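The structure appears right after this line, and notes come after that.
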Amino acid sequence: MVASGLGTRCPNLYTFLKNFRLTADQQSWIMLGTFESSKKSVGKTWVKVNKEILKPWLSGVRDKKGKDAEATVRAALAAP
């Protein structure tokens, strides 16, 4: 459920939210990890370990420069 008109006002966000899916097991892993580390650290680690999730999540999404968001995120994950 999203705000009316979100797809027109924020098409990238709308597309990402439409694509975003987590299984119960994935949610559990992330939530349990937040007890030991920061949310940002847990999220980044989880995405690094589960890189295959990026393609469906970021399909049709562009970064702020208009480039493919999946490539931008993969490059950011590879940076130290």
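Summary of values
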{"item": "Helical mean residue ellipticity (222 nm; -39500 (n - 2.57) per DSSP H run of 4+; nearest 500) of the chain", "result": "-16500 deg cm²/dmol"}
{"item": "For the chain: relative contact order, % (alpha-carbon pairs under 8 angstrom, 6 or more apart)", "result": "29"}
{"item": "Cα gyration tensor category, rounded, prolate or oblate, for the chain with a/c compared to 1.5", "result": "oblate"}
{"item": "Charge dipole (the stretch 10-78, unit charges on Cβ, about Cα centre) - positive-most of Thr34, Cys10, Leu58", "result": "Cys10"}
{"item": "Net charge dipole size for the chain [Lys, Arg +1 and Asp, Glu -1 on Cβ; Debye, nearest 20]", "result": "320"}
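Bear in mind these aren't lab numbers, they're just calculated from the coordinates by the rules spelled out. Keep in mind that what you see is a predicted model, and the values were worked out from it rather than measured. Neighbour counts are summed over all protein chains in view; Cβ atoms, including those assigned to glycine, are modelled from backbone coordinates with ideal geometry.
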